[in-house]
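Engineer: So that we are looking at the same thing, I have put the structure below in structure tokens.
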Ligand code: NCD
Ligand code: ZN
């Protein structure tokens, strides 16, 4: 088959997205709304989004930041803490727009200090999640500083995730932003009800990208980029087309000064070109025909949501990513800043 000059896909969803709050919202949400019908919004604000009431208020602020007439539906996740009340699960389910609770091991990533210190502290909440069918979204890394940073995901599987999936046999779990061969093997071999999201950066880059000619803070995210062997395992899994794997960008904006610092923040901003970057990644591995199901079907099916109507169109037209985008009073350096991207978004129709 010759390389297509355009791709038309069902409108996709982004099942892992950070949009922050306040002035940042208007700077970043329109990028996602231009490409995706829905997105699962991460709750790691300061203070975190812990209750249904807080999530509904946050959702309203996101909607208010959208250009008039935009058809985009934010879906929410609540931030799990040692203090989360089990009754919150029922309130969340009744809201109709909260898909689950997010487990951040305390200290694992950006704004995770209010996270869970010991998984046993949330067993009662997990029990309720399992009963209601809401999902647990998991940042899967151990926080023990003596564990090598490249091994923290694999260690988490052995010490936390695998035992958890056994203990709560009906709990629906999304292993977020998987980065390793170990995670691929775990998810593909796990019982039913377990899925994973994959980011564009982990499909496109390995850890060498952190050190090309010097240290590259805009390629730093958590979980950190892994080895080429790991990247190949992620690519092989999406090429095989497992319905357990779906799109979650983990687009995570930080102001330029917070990234280019002696202690730079973790997070890669990709919302400006998210679908285009996945198209590049899938094409590079000869799997463009798998993109639509990965981007528009598997996630909706896992979460029991209707698939979207409408289409998006990408054309094979190189374009240069700007060096930076405005970000409130500051600026934001996007993935591929100043470089070319092969695919360009040319249309989205919601009907
Ligand atoms: C995310 C952020 O900045 O909120 N950062 C990141 O590196 N991915 C948090 C997260 O998802 O770990
Ligand atoms: Zn994230």
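What follows is calculated from the coordinates using simple rules that are stated; it is not laboratory data. What you see is a predicted model; the values in this text were computed from it and never measured. Reconstructed Cβ throughout: ideal geometry from the backbone, glycine too, with neighbour counts over all protein chains shown.
Engineer: Search region 213-254 for residues being touching a residue at least 60 places away in the same chain (Cβ under 8 Å) and surrounded by fewer than 18 Cβ atoms within 10 Å (Cβ to Cβ), and hand back the single one that is nearest to ligand 2 (Cβ to nearest atom).
Structural biologist: Once the filter is applied, the top-ranked residue is 224.
Engineer: Would you check if residue 146 is assigned to a loop (DSSP other than H, G, I, E, B), out of contact with any helix residue (DSSP H, G or I) (no Cβ under 9 Å at 6 or more places or on another chain) and on the phi < 0 side of the Ramachandran plot? Write out each step before concluding.
Structural biologist: Numbers: assigned to a loop (DSSP other than H, G, I, E, B): yes; out of contact with any helix residue (DSSP H, G or I) (no Cβ under 9 Å at 6 or more places or on another chain): yes; on the phi < 0 side of the Ramachandran plot: yes.
Yes, satisfied.
Engineer: Report yes if some residue within region 77-98 is more than 24 Å from residue 143 (Cα to Cα), within 16 Å of ligand 2 (Cβ to nearest atom) and in contact with a strand residue (DSSP E or B) (Cβ under 9 Å, 6 or more places away or on another chain); otherwise report no.
Structural biologist: The answer is no; no qualifying residue exists.
Engineer: Please go through (1) more than 16 Å from ligand 1 (Cβ to nearest atom); (2) in contact (Cβ under 8 Å) with a residue 40 or more places away in the chain; (3) farther than 24 Å from residue 15 by Cβ for residue 124 and return the number of the only condition it doesn't satisfy.
Structural biologist: (2)
Engineer: Return the residues of region 246-259 that are out of contact with any helix residue (DSSP H, G or I) (no Cβ under 6 Å at 6 or more places or on another chain) and more than 13 Å from residue 334 (Cβ to Cβ); say none if nothing qualifies. Quick ask: steps written out before the conclusion?
Structural biologist: Filtering region 246-259 down to residues out of contact with any helix residue (DSSP H, G or I) (no Cβ under 6 Å at 6 or more places or on another chain) leaves 248, 250, 252, 254-258.
Correct list: 248, 250, 257, 258.
Engineer: Also, quick follow-up: Could you give me the residue pairs with C-beta distances under 8 Å whose first residue belongs to region 12-24 and is on the phi > 0 side of the Ramachandran plot, whose second residue is within 15 Å of ligand 2 (Cβ to nearest atom) and in a loop (DSSP other than H, G, I, E, B) wherever it lies, and which are 6+ apart or on separate chains?
Structural biologist: 20/45; 20/253
Engineer: Here's something else I'd like to know. Within the group 2, 112, which residue is more than 16 Å from the chain's Cα centre (by Cα) and in a loop (DSSP other than H, G, I, E, B)?
Structural biologist: 2
Engineer: Got at least one residue in region 68-87 being out of contact with any helix residue (DSSP H, G or I) (no Cβ under 9 Å at 6 or more places or on another chain), buried (at least 21 other Cβ atoms within 10 Å of the Cβ) and in contact (Cβ under 8 Å) with a residue 40 or more places away in the chain?
Structural biologist: No - not one qualifying residue is present in region 68-87.
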